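Asks: One structure, pasted below without further comment.
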Amino acid sequence: MSTAAADQKRRALGKGLDSLLPRVPAPAPAAGSEQAEAGRPREIPVAQIDRNPFQTRIHVDEEQLRELASSITANGVVQPILVRPLANGRFQLIAGERRWRASQLAGKATIPAILRQVSDEQAMEITIVENLQRADLNPMEQARAFERLSREFHMTQEQMAQRTGKDRATISNFLRLLKLPASTQARVESGALSFGHARALLALENPEEIERAAQRVAALSLSVRQTETYVQGLINPEKAQKKDPKPEPPIDANVRAAQERLQQALGLKVTVEDKNGRGRVIIEYARLEDFDALLDRLAGK
């Protein structure tokens, strides 16, 4: 794909899913009626909508869902969901699962929806790409979504980067998480281990050793930096410190969240040092390719 074509694809993604989906032709309006034109939202019974079988998201925060349901009760659904018509007269969700589920909690009979006519393959690709453009997928959900794009659509990492707007090095780092043992993946998915912890553990090759290290890291609440030191001690025992690492002073929750968000976005180790609103952000890279990708991302190509 040429640079111009890639830029055009990125601009299309910036306009939202509407630019990726063909419109459903509107039926001829009845005489004297004001039939909504094709592409305009229409009210569809909530009970006639089936869940998206291609949904990437596994975990949904129930508290946030209840808050959204309360908002819908008070203000209605602000942004329509996207659905496609099925042969049996029902509809299948393409995007907007949280709004649909919250509408059910709120006891809504109908929900505003935009109809799009897409194939199974298009629906799957759109769902995965739309989810990957969101910031609230956990690292394992993102890793599995990228893996599906590779396996089911035969996309290269460069093509995935163009479709999702993420850096290729970031995609590569997410895909590496799938090499973790299932039990360690579960810890990452639950939030017990961060993306940075997982990357540090991948320096170990034996699955049993990775899981034992993951248990210890979680039990001692080690920071990412401490985890890296611990893992290097396992790889090079002769250089390991005799004493166990002590937990570092607690990091402000907002600083930690910002640090994790930057690490996921850049695919590199990020340290945020903050003191009363002043500090610095340290981004570390191990390869020249990572530095070049970071420079392109921050300064623009």
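The values are calculated or read from the model by the stated rules, or taken from the named source; none is laboratory data. Everything numeric here is computed off the predicted structure, so don't read it as measured data. Note that each Cβ is placed from the backbone with ideal geometry, even for glycine, and that neighbours are counted across all protein chains shown.
Asks: (1) over 16 Å from Phe54 (Cα atoms); (2) touching a residue at least 24 places away in the same chain (Cβ under 8 Å); (3) in contact with a helix residue (DSSP H, G or I) (Cβ under 6 Å, 6 or more places away or on another chain): which one isn't true of Ile128, the others all being true?
Replies: (1)
Asks: Is it the case, given these coordinates, that Ala143 is in contact with a helix residue (DSSP H, G or I) (Cβ under 6 Å, 6 or more places away or on another chain) and either in a helix (DSSP H, G or I) or of a type in the set (Phe, Trp, Tyr) (or both)?
Replies: Yes: the conditions hold for Ala143.
Asks: Examine region 127-146 for a residue that is touching a His at 6+ places or on another chain (Cβ under 8 Å) and either surrounded by fewer than 22 Cβ atoms within 10 Å (Cβ to Cβ) or not charged (D, E, K, R) (or both), and state whether such a residue exists.
Replies: yes
Asks: Looking only at region 174-193, count every residue that is in contact (Cβ under 8 Å) with a residue 60 or more places away in the chain and either among the aromatic types (Phe, Trp, Tyr) or buried (at least 22 other Cβ atoms within 10 Å of the Cβ) (or both) and tell me the total.
Replies: Number satisfying all stated conditions: 1.
Asks: Could you pull out the residue among Leu222, Leu234 that is assigned to a loop (DSSP other than H, G, I, E, B), modelled with pLDDT of 90 or more and out of contact with any strand residue (DSSP E or B) (no Cβ under 7 Å at 6 or more places or on another chain)?
Replies: Leu222
Asks: Just give me the residues in region 66-103 being within 12 Å of Gln48 (Cβ to Cβ) and either under 25 Å from the mean Cα position of the chain (by Cα) or part of a strand (DSSP E or B) (or both), in sequence order.
Replies: Listed by number, the residues that qualify are Val83, Pro85, Phe91, Gln92, Leu93, Trp100.
Asks: Further, regarding this structure: Give region 146-173 a look and list any residue that's of a type in the set (Lys, Arg) and either modelled with pLDDT under 85 or in contact with a helix residue (DSSP H, G or I) (Cβ under 9 Å, 6 or more places away or on another chain) (or both), or say none.
Replies: Matches in region 146-173: Arg148, Arg163, Lys166, Arg168.
Asks: I've got another one for you. Scan region 23-36 and give yes if some residue there is at pLDDT 50 or above, in a strand (DSSP E or B) and out of contact with any Asp or Glu (no Cβ under 9 Å at 6 or more places or on another chain), otherwise no.
Replies: No, every residue in region 23-36 fails to be at pLDDT 50 or above, in a strand (DSSP E or B) and out of contact with any Asp or Glu (no Cβ under 9 Å at 6 or more places or on another chain).
Asks: Every residue in region 247-271 that is closer than 21 Å to Tyr230 by Cβ and modelled with pLDDT of 80 or more, please.
Replies: Residues satisfying the conditions are Arg256, Gln259, Glu260, Gln263, Leu268, Lys269, Val270, Thr271.
Asks: When the residues of region 40-65 are filtered to those that are polar (S, T, N, Q) and assigned to a helix (DSSP H, G or I), which remaining residue is modelled with the lowest pLDDT?
Replies: Once the filter is applied, the top-ranked residue is Gln64.
Asks: Can you list residue pairs whose Cβ atoms sit under 8 Å apart, with the first residue in region 255-270 being in a strand (DSSP E or B) and the second being basic (Lys, Arg)? Count only pairs 6 or more apart in sequence or on different chains.
Replies: Lys269/Arg199
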